[in-house]
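Undergrad: Quick one: the structure is below, questions incoming.
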Amino acid sequence: MNRAARNRRNWTRFLGLVVALLLPIVFQDAYLRNILVIFGIYCLLALSLNIIVGYIGEVSLGHAAFFGLGGYASAILSKTVGFPVLLSIPSAVVISGILGLFIGYLALRLRGPYFAITTLAFAEIIRLIVTNWVDLTRGPLGFTQIPPLVLGIPGWFEFKVMSELRYYYFVLVLVGLVFLLIYNVVHSPTGRTFLAIREQEPLARSVGINPFRYRVLAFVISTMIAGLAGAAYAHFFRIISPDINMVYYSAIPLMMVMVGGRGTLLGPFLGALLFAVLPELFRTAGTIRMVFFASFLLATIVYMPEGIAVKIQTFIRDWETKKSPQELGDV
Amino acid sequence: MRKSIGVGAGTVLLGAALLMIVPTAVLGQTKAPVKIGVILPMTGPAALYGEQANRGVQLAAKMVNGAGGILGGRQVSIILEDDQANPVEGVNAVKKLMNRDGTKLITGGVNSSVSLAELQVTKEAGLLHIVTVSTAPAIREQGHPSLFALQPTNSMKDDFALPWIAQVLKPKTVVHLLENTDYGRVEVEELKKHWGASGPKVVATETFQLGETDFTIHLNKFKAMKPDLFYLSTAAPSTIGTILKQAYEIGFKAPIFLAPGNLNNDVVRLAGPAAEGVLCADYYVNILDTPANKKFVKDHEEMFKRPPEKMEMLGFESITILSKALDMAGTETDVKKISDTLRQNKWQTPRGEIVFDAKGQAKGVGKDQALVVKDGKITIRK
Amino acid sequence: MSLLGFRGGMDPRQNGVRSMSLPTIGSTSMIDLDLLVIQLANGLVIGMGYTLVAIGLTMVFGILGVLNFAHGEFFMLGAFVAYVFGELMGWPYVVSSVVAIVLVMAISFLFELISVRPFMERDPEMTLLSTFAASLILMNLVEVIWGNTPLPLNTPFSKPLDLLFLVLTAQRILILLVGAVGVILLGLFLKFTKMGKVIRATAQNKKASALVGINIKKVYRLTFAAGTGLAAIAGVLIAPLSNLYASMGQGMVLKGFVVVILGGLASVPGAILGGLTLGITEAIAAGYVSSAWKDVIGFSILIIILLLRPQGLMGRREA
């Protein structure tokens, strides 16, 4: 990509950051800020699934398992076991990663529909465990009074991250870190290896790359981020129920990634914007909302399978290529 | 000279007085409504109950407004939000009502998990919170200074039903089937507590997971023991209906007692002929023969072309009592004053008279009734 | 009334039966034998339901190469359409059921047109997502129309029949009968009729079949209709056992996948064997093991099979 385009892209990113930082100042009321927090958490979810769908190239139908697991793990560790939240959240991330390692190691030996069914089966098992192990998780009644996130050293000074405003910035920091992580991986030799595996697997193998290991690694990273999203969710709403493991939370990230544009860095954000903000605008629509979303997904798959972000990028690129010949004086 | 000054002064005074009255009269024509938030499950698994409670709410609002409104002729305005039986949605709804609609009056709540989540927010924000349907004891134990719960807890309901069974039905052996939740487990304790050593003997206890659809194993086990009574502790009408049907289908003939509060017309409809003879107890049935209830039933049938049940009554109660309390306290924003008003007075409702105790639990001064299904209808069993 | 965590009987994946204590009255050995017989009978019945659903799934995969994630929704639609005619319009159960099956097969034509056909040429892998999206649409549409409260489907076959060891309702026996008859008929059809042979040919080798002039598209449509028809039959038969709810298809299709993988993708005999096996295994687990976890067993089997013997019990190893 040429210099001008890169500059433009960096400027867009910088602007995006500024806007994100200023949003809660524009939206003063707690209800809208609530939506912003949800948007942030959905960004994390979308970014994490994007790794599997976009970079590994497989469809996972069981992502909700890791989201829910992260939430429950952090909730149980902080409330029942007594960890400070500052410790329970990273622990939950690690736990999600370990489970991701286990499941990824088993499931990634399979491809296509087999992989999808396996992820679905694993997600169901986890959902059943969470729902039925009532002594640990309080089952269908939900796990309530989850401790809030408190930064600082107890006894010395404490900074409660509870209000929508503070939590939004907390989530923003998380999103920023995750984005940087993904960005750096994508633009590193490891990222190029992933690309090679996805596009030309036999060739990659022929130069000694073990695709399986890379896929598992990517899967683990993805599940850790999903676990982080779940933990963030748990400590914001401070209640969590088995609903969080249901198909809805596997379907929505999938939609975010597919519609937003898989395999891109911008895609997940667009998807999260659409699917986090829209439900709140259509608050009273409930189930009809899902019909629209699913129809939207179907239409996208038929007409725009690469997603909005890629469409935009192609559009900009076409627009640019149309411009340059004239600038260079070509006919 | 003095006379003209007197007349002049009098005119000015009269004019000033008129000036003061007229604007008030003009302003009074467009009085701001009193906004009351109602959060119910209008979609999702508990939607049926949400709809029922909402009917009661709408009827109450209509009655109150028809009688001239409250707080100086102001109309009550119900703002309905859907919690989808999801605690997170409930929390979002409270925040919206608080911030965008600017009301301090929150009512509603069918699923206990949702109410539990909501009350954290209303407690921190100092809002008035009337819990319409949810029954979990934990709700009443949060130390929430402005929370009021309308339904009796299950323990309260058992306080009537279990001794009644021991004294009136006198079964020697009882089999107990319960759902694997807090509710079910508490029921096991309640049976022990009320029947103890000298009461009916519970010879078998079986648990099932929520959502189960095949109960034939348990029922066959029970059938083999030939008990005098089958006591069922679960709430969902569809589950009860299935259990009753399957018991009927395998020829399990023991009398069945549903844990109090769980018999309603949905159960009768879903179980069909299998519901015949089923027993229960409740603090409210729509066939209660009191003037207040008869009026309520009549008004409901007029507005909705169908009779009300317990949910409708509770919804009706929530708005009727709240409206009166607001009027008596003379404020819609002083939550402490409204709470004190609620606690210090007796309230007349279709189920009788109720008072709120220190924790906000409504206690009926009326009597619970034993019920039985006869010829497809719920009737009072003497 | 405690409505803590009440999902309205919505989710069969929350199945499970756990016994807290064994009865102390009565002869234990007799109860055990009774229990075993009852459990086997129940297992067979529910297994037959799984079989019917799985056969359709496996046929569609074998011939179209599409794993239809919305298959469960046809099971669900069969029950709901029967409900509309039976409960809302008062028609007799058998009539409503037949009408429901026919209508669902018609709906499946439309479904195939929208969710499957556009991708068969272009990118068959997309059918994964498209059928997944379609299943969400169907399920939520049904919920919008009929709400989320469980609905009853009444059948005249609910009278209990005393058969020596156990009491079974006629409905359960009907499931076994219809299932068995259906499977036999299907087998005969595939083996002896012209269309049956055409279908088998297409399953074996698409290109060769097209070369000898077989209308592949017609085969696709027919297979799809047959598969969903079987699912609808399962729906109308099983729904009266408990209740109808919009998401009843989700649980069923997952079990269908387990059976299909267990029996071998694209193998009808495998689906039959797998279905009955799964049903009986679950029932025995539910009766004897402390089993809120009976569904977990099914999924664990799925995963183990996928890893150790991906072609299933009766499938062929893919090249």
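Undergrad: What are the residues in the stretch A:168-215 that are touching a residue at least 12 places away in the same chain (Cβ under 8 Å), over 21 Å from the mean Cα position of the chain (by Cα) and assigned to a helix (DSSP H, G or I), if any?
TA: Scanning the stretch A:168-215 gives A:193, A:196, A:197, A:211, A:212.
Undergrad: Taking into account only those residues within the stretch B:131-183 that are under 13 Å from the mean Cα position of the chain (by Cα) and of a type in the set (S, T, N, Q), which is farthest from residue B:220 (Cα to Cα)?
TA: Pass one, the stretch B:131-183, residues under 13 Å from the mean Cα position of the chain (by Cα): B:131-136, B:148-154.
This time we only want the ones that are of a type in the set (S, T, N, Q), so: B:132, B:134-135, B:151, B:153-154.
Numbers: B:132: 38, B:134: 33, B:135: 32, B:151: 35, B:153: 32, B:154: 28 Å.
Ranking the candidates gives B:132 first.
Undergrad: Which residues, counting only those in the stretch B:86-101, are under 19 Å from the mean Cα position of the chain (by Cα), part of a helix (DSSP H, G or I) and at the interface with chain A (Cβ under 7 Å from one of its Cβ atoms)?
TA: Passing the criteria: only B:87.
Undergrad: Next question, about the same structure. Among the residues of the stretch A:199-236, which ones are surrounded by fewer than 24 Cβ atoms within 10 Å (Cβ to Cβ) and more than 20 Å from residue A:57 (Cβ to Cβ)?
TA: Once the filter is applied, which keeps residues that are surrounded by fewer than 24 Cβ atoms within 10 Å (Cβ to Cβ) and more than 20 Å from residue A:57 (Cβ to Cβ), the stretch A:199-236 yields only A:208.
Undergrad: Pick out, from the stretch C:70-145, the helices (runs of 4 or more DSSP H) lying fully within it that include 3 or more residues that are under 18 Å from residue C:244 (Cβ atoms) and touching a residue at least 24 places away in the same chain (Cβ under 8 Å).
TA: Working: elements: C:71-83, C:93-111, C:117-122.
Where helices (runs of 4 or more DSSP H) fall fully within the stretch C:70-145 and carry at least 3 residues being under 18 Å from residue C:244 (Cβ atoms) and touching a residue at least 24 places away in the same chain (Cβ under 8 Å), they are C:71-83, C:93-111.
Undergrad: Give all pairs with beta carbons closer than 7 Å in which a residue from the stretch B:67-79 that is at positive phi meets a residue that is surrounded by 14 or more Cβ atoms within 10 Å (Cβ to Cβ); count only pairs at least 6 apart in sequence or on separate chains.
TA: Sorted first by the residue in the stretch B:67-79, then by its partner, the pairs are B:69/B:75; B:69/B:76; B:71/B:34; B:71/B:326; B:71/B:327; B:71/B:332.
Undergrad: Name the single residue, out of those in the stretch A:96-127 being modelled with pLDDT under 85 and in a helix (DSSP H, G or I), that is nearest to the other protein chains (Cβ to nearest Cβ).
TA: Here the residue is A:113.
Undergrad: Another question about this same structure. Show the residue pairs that are 6+ apart or on different chains and have beta-carbon atoms under 6 Å apart, the first residue being within the stretch A:23-40 and away from chain B (no Cβ under 13 Å), the second being hydroxyl-bearing (Ser, Thr, Tyr).
TA: Partner pairs satisfying both residue conditions: A:24/A:168.
Undergrad: Just to confirm my filter: which helices (runs of 4 or more DSSP H) fall fully inside the stretch B:212-285 and include at least 3 residues that are closer than 24 Å to residue C:244 by Cα, in contact (Cβ under 8 Å) with a residue 40 or more places away in the chain and charged (D, E, K, R)?
TA: On the way: elements: B:216-225, B:237-249, B:265-271.
Answer list for the stretch B:212-285: none.
Undergrad: Quick one: which helices (runs of 4 or more DSSP H) lie wholly within the stretch C:178-293 and hold at least 3 residues that are without any contact (Cβ under 8 Å) to a residue 40 or more places away in the chain? Walk me through it before giving the result.
TA: Values: elements: C:194-204, C:206-211, C:216-238, C:248-263, C:268-288.
Those helices (runs of 4 or more DSSP H) span C:194-204, C:206-211, C:216-238.
Undergrad: All but one of (1) crowded, with 22+ Cβ neighbours inside 10 Å; (2) more than 13 Å from chain C (Cβ to nearest Cβ); (3) touching a residue at least 24 places away in the same chain (Cβ under 8 Å); (4) not aromatic (Phe, Trp, Tyr) hold for residue B:199; which doesn't?
TA: (1)
Undergrad: Here's something else I'd like to know. Which residue, of C:174, C:153, C:161, is within 14 Å of chain B (Cβ to nearest Cβ) and assigned to a strand (DSSP E or B)? Even if it seems obvious, please write down each step before you answer.
TA: Values: C:174 fails: assigned to a strand (DSSP E or B); C:153 fails: assigned to a strand (DSSP E or B).
Just a single option satisfies the conditions, and that option is C:161.
Undergrad: Among the residues of the stretch B:295-340, which ones are surrounded by 17 or more Cβ atoms within 10 Å (Cβ to Cβ) and either among the β-branched types (Val, Ile, Thr) or on the phi > 0 side of the Ramachandran plot (or both)?
TA: Hits for the stretch B:295-340 are B:297, B:319, B:320, B:321, B:335, B:338.
Undergrad: I'd like the full set of residues that are in contact with a Ser or Thr (Cβ under 9 Å, 6 or more places away or on another chain) and either of a type in the set (D, E, K, R) or more than 17 Å from residue B:354 (Cβ to Cβ) (or both), limited to the stretch B:275-305.
TA: Of everything in the stretch B:275-305, just one residue is in contact with a Ser or Thr (Cβ under 9 Å, 6 or more places away or on another chain) and either of a type in the set (D, E, K, R) or more than 17 Å from residue B:354 (Cβ to Cβ) (or both), namely B:287.
Undergrad: Exactly one condition in (1) in contact with a Leu (Cβ under 9 Å, 6 or more places away or on another chain); (2) part of a helix (DSSP H, G or I); (3) within 30 Å of residue A:31 (Cβ to Cβ); (4) within 14 Å of chain C (Cβ to nearest Cβ) is false for residue B:133; which is it?
TA: (2)
Undergrad: Quick check on residue B:247: is it among the aliphatic types (A, V, I, L, M), at the interface with chain C (Cβ under 7 Å from one of its Cβ atoms) and more than 28 Å from the chain's Cα centre (by Cα)? Before you say what the answer is, go through the steps one by one.
TA: On the way: among the aliphatic types (A, V, I, L, M): yes; at the interface with chain C (Cβ under 7 Å from one of its Cβ atoms): no; more than 28 Å from the chain's Cα centre (by Cα): yes.
When the stated conditions are applied, residue B:247 does not pass them.
Undergrad: How many of the residues making up the stretch C:114-141 are farther than 18 Å from residue A:58 by Cα and either among the β-branched types (Val, Ile, Thr) or touching a Pro at 6+ places or on another chain (Cβ under 8 Å) (or both)?
TA: Residues that pass the stated criteria total 3.
Undergrad: Would you check if residue A:234 is assigned to a helix (DSSP H, G or I), more than 15 Å from the chain's Cα centre (by Cα), under 23 Å from residue A:51 (Cβ atoms) and in contact (Cβ under 8 Å) with a residue 24 or more places away in the chain? Spell out the reasoning first.
TA: Details: assigned to a helix (DSSP H, G or I): yes; more than 15 Å from the chain's Cα centre (by Cα): yes; under 23 Å from residue A:51 (Cβ atoms): yes; in contact (Cβ under 8 Å) with a residue 24 or more places away in the chain: yes.
Judged against the criteria, residue A:234 is a match.
Undergrad: For residue A:33, indicate whether it is among the charged types (D, E, K, R), surrounded by fewer than 24 Cβ atoms within 10 Å (Cβ to Cβ), part of a helix (DSSP H, G or I) and touching a helix residue (DSSP H, G or I) at 6+ places or on another chain (Cβ under 8 Å). Before the answer, list the steps.
TA: Numbers: among the charged types (D, E, K, R): yes; surrounded by fewer than 24 Cβ atoms within 10 Å (Cβ to Cβ): yes; part of a helix (DSSP H, G or I): yes; touching a helix residue (DSSP H, G or I) at 6+ places or on another chain (Cβ under 8 Å): yes.
The answer is yes for residue A:33.
For (1) under 25 Å from residue A:258 (Cβ atoms); (2) charged (D, E, K, R); (3) out of contact with any Asp or Glu (no Cβ under 6 Å at 6 or more places or on another chain), each residue gets a yes or a no:
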{"position": "A:70", "(1), (2), (3)": "yes, no, yes"}
{"position": "A:89", "(1), (2), (3)": "no, no, yes"}
{"position": "A:97", "(1), (2), (3)": "yes, no, yes"}
{"position": "A:127", "(1), (2), (3)": "yes, yes, yes"}
{"position": "A:142", "(1), (2), (3)": "no, no, yes"}
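Undergrad: Only one residue in C:222, C:211, C:176 is over 23 Å from residue C:113 (Cα atoms) and surrounded by 15 or more Cβ atoms within 10 Å (Cβ to Cβ), so which one is that? Outline the logic, then answer.
TA: Numbers: C:222 fails: over 23 Å from residue C:113 (Cα atoms); C:211 fails: surrounded by 15 or more Cβ atoms within 10 Å (Cβ to Cβ).
Criteria check complete, one pass: C:176.
Undergrad: Could you check the stretch B:102-124 and list, in sequence order, the residues that are among the β-branched types (Val, Ile, Thr) and within 9 Å of chain A (Cβ to nearest Cβ)?
TA: Going through the stretch B:102-124, the residues among the β-branched types (Val, Ile, Thr) turn out to be B:103, B:106-107, B:110, B:114, B:121-122.
Across the stretch B:102-124, the qualifying residue is only B:114.
Undergrad: Would you mind telling me which numbered condition in (1) over 19 Å from the mean Cα position of the chain (by Cα); (2) modelled with pLDDT of 80 or more; (3) closer than 28 Å to residue C:257 by Cα residue C:180 fails?
TA: Failing condition for residue C:180: (1).
Undergrad: If I ask for residues that are of a type in the set (Lys, Arg) and at pLDDT 90 or above, which ones from the stretch B:141-188 would you list? Can you show your working first?
TA: Taking the stretch B:141-188 as the starting set, the residues that turn out to be of a type in the set (Lys, Arg) are B:157, B:170, B:172, B:185.
If the condition is that a residue be of a type in the set (Lys, Arg) and at pLDDT 90 or above, then B:157, B:170, B:172 are the ones that fit.
Undergrad: Taking the options A:139, A:152, name whichever one is farther than 20 Å from residue A:49 by Cβ and in contact with a helix residue (DSSP H, G or I) (Cβ under 6 Å, 6 or more places away or on another chain).
TA: Numbers: A:152 fails: in contact with a helix residue (DSSP H, G or I) (Cβ under 6 Å, 6 or more places away or on another chain).
Only one candidate qualifies: A:139.
Undergrad: For residue B:188, only one of the following conditions fails: (1) β-branched (Val, Ile, Thr); (2) within 8 Å of chain C (Cβ to nearest Cβ); (3) surrounded by fewer than 24 Cβ atoms within 10 Å (Cβ to Cβ); (4) part of a helix (DSSP H, G or I). What is its number?
TA: Going through (1) β-branched (Val, Ile, Thr); (2) within 8 Å of chain C (Cβ to nearest Cβ); (3) surrounded by fewer than 24 Cβ atoms within 10 Å (Cβ to Cβ); (4) part of a helix (DSSP H, G or I) one by one, residue B:188 breaks only (2).
Undergrad: Is there a residue in the stretch A:304-320 that is buried (at least 24 other Cβ atoms within 10 Å of the Cβ) and either closer than 24 Å to residue A:101 by Cβ or away from chain B (no Cβ under 14 Å) (or both)?
TA: Applying the first criterion (buried (at least 24 other Cβ atoms within 10 Å of the Cβ)) to the stretch A:304-320 yields A:307.
Adding the requirement that they be either closer than 24 Å to residue A:101 by Cβ or away from chain B (no Cβ under 14 Å) (or both) leaves A:307.
Yes: the stretch A:304-320 contains one or more residues that are buried (at least 24 other Cβ atoms within 10 Å of the Cβ) and either closer than 24 Å to residue A:101 by Cβ or away from chain B (no Cβ under 14 Å) (or both).
The values are calculated or read from the model by the stated rules, or taken from the named source; none is laboratory data. All figures in this text were calculated on a predicted structure; none of them were measured in a lab. As a convention, Cβ positions derive from the backbone with ideal geometry for all residues, glycine included, and neighbour counts pool all protein chains shown.
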